[in-house]
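Novice: Sharing a structure here in structure tokens format.
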Amino acid sequence: MGKFKRIETSIEGLCIVEPTAFGDSRGFFMESYNRADFEQMGIGETFVQDNHSLSARGVLRGLHFQREHTQGKLVRVTAGSVLDVAVDLRPGSPTWGKWESVVLSAQNKLMFRVPPRFAHGFLTLEDGTEFLYKCTELYHPASDGGVLWNDPDLAVDWQLEHWGIEAAQLLISEKDLRNVAFKDIDPYTVWR
């Protein structure tokens with residue numbers, strides 16, 4: 001096995017990346033990114049910005065996208081765990097409006113590759129969760145967009161009951177509470 005394993009999802013281009021970690025009594029070592037290895041796996045984007053967030057249990061961030069300067073992302077967790085979600089918003093895609101989720105944790109070390117023109121969000125499952133994003137475009141505040149986390153047409157299963165989190169306990173920003181309904185997104189005009 002190489003340093004990384006690409007695991008396909010049901011949505012073309014959206015994949016999970018499993019790194020190889022070498023561990024012993026001291027801990028572990030792993031490469032979290034290697035441009036040549038990623039290109040060999042068909043992930044050839046150039047990443048230009050890294051972001052790092054810290055969240056308490058029950059924080060829900062998303063579902064975000066940028067209308068211009070669309071960002072592809074490679075995301076992972078270095079402390080705690082999240083349920084990570086990506087929604088296909090690519091015009092003409094046969095999986096338009098479909099979503100996938102994966103648990104990312106410090107323990108499983110998995111990464112999620114989210115291509116441009118996807119909405120992205122996550123639910124933190126533990127206090128002290130640290131989430132890292134590699135982005136293919138710089139953050140552009142004027143391009144901010146988002147879909148409601150609980151949109152009935154998308155019907156994302158955040159598995160709240162499974163995680164023992166009640167919807168009323170979620171910590172969601174005011175900005176994210178103002179995200180639009182999925183039915184109000186036109187696949188051919190959403191991207192500038």
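Please treat every number below as a calculation from the coordinates, not as lab data. Note that this is a predicted model, so its numbers are computed, not measured. Neighbour counts are summed over all protein chains in view; Cβ atoms, including those assigned to glycine, are modelled from backbone coordinates with ideal geometry.
Novice: Only one of these conditions is not met by ASP176: (1) surrounded by fewer than 14 Cβ atoms within 10 Å (Cβ to Cβ); (2) part of a helix (DSSP H, G or I). Which number is it?
Specialist: Against the list (1) surrounded by fewer than 14 Cβ atoms within 10 Å (Cβ to Cβ); (2) part of a helix (DSSP H, G or I), ASP176 comes up short only on (1).
Novice: Determine, yes or no, whether GLY145 is surrounded by 22 or more Cβ atoms within 10 Å (Cβ to Cβ) and farther than 24 Å from THR20 by Cβ. Before the answer, list the steps.
Specialist: Numbers: surrounded by 22 or more Cβ atoms within 10 Å (Cβ to Cβ): no; farther than 24 Å from THR20 by Cβ: yes.
The answer is no for GLY145.
Novice: For the range 25-42, give me each residue that is exposed (fewer than 15 other Cβ atoms within 10 Å of the Cβ) and either within 26 Å of PRO187 (Cα to Cα) or of a type in the set (Gly, Ala, Ser) (or both).
Specialist: Scanning the range 25-42 gives SER25, GLY27, ALA36, GLY42.
Novice: Just checking, how many residues over the range 88-145 are in a loop (DSSP other than H, G, I, E, B) and of a type outside the set (Lys, Arg)? Before the answer, list the steps.
Specialist: Pass one, the range 88-145, residues in a loop (DSSP other than H, G, I, E, B): 89-98, 106-110, 115-117, 125-128, 136-140.
Still in the running and of a type outside the set (Lys, Arg): 89, 91-97, 106-108, 110, 115-116, 125-128, 136-140.
Number satisfying all stated conditions: 23.
Novice: On to the next question. Quick one: which residue in VAL190, VAL114 is among the β-branched types (Val, Ile, Thr), within 28 Å of MET41 (Cβ to Cβ) and surrounded by 14 or more Cβ atoms within 10 Å (Cβ to Cβ)?
Specialist: Exactly one residue qualifies, and that residue is VAL114.
Novice: Here's another thing I want to ask about it. Here are some conditions: (1) buried (at least 21 other Cβ atoms within 10 Å of the Cβ); (2) closer than 19 Å to THR9 by Cα; (3) out of contact with any strand residue (DSSP E or B) (no Cβ under 6 Å at 6 or more places or on another chain). GLU45 meets all but one. Which one does it not meet?
Specialist: With (1) buried (at least 21 other Cβ atoms within 10 Å of the Cβ); (2) closer than 19 Å to THR9 by Cα; (3) out of contact with any strand residue (DSSP E or B) (no Cβ under 6 Å at 6 or more places or on another chain) applied to GLU45, the lone miss is (1).
Novice: I'm told LEU104 meets every condition in (1) in contact (Cβ under 8 Å) with a residue 24 or more places away in the chain; (2) surrounded by fewer than 22 Cβ atoms within 10 Å (Cβ to Cβ) except one. Can you identify the failing condition by its number?
Specialist: Failing condition for LEU104: (2).
Novice: Out of ARG90, ARG76, which single residue is out of contact with any Leu (no Cβ under 8 Å at 6 or more places or on another chain), farther than 19 Å from LEU148 by Cβ, charged (D, E, K, R) and surrounded by 13 or more Cβ atoms within 10 Å (Cβ to Cβ)? Please lay out each step first, then the result.
Specialist: On the way: ARG76 fails: out of contact with any Leu (no Cβ under 8 Å at 6 or more places or on another chain).
On inspection, the qualifying residue turns out to be ARG90.
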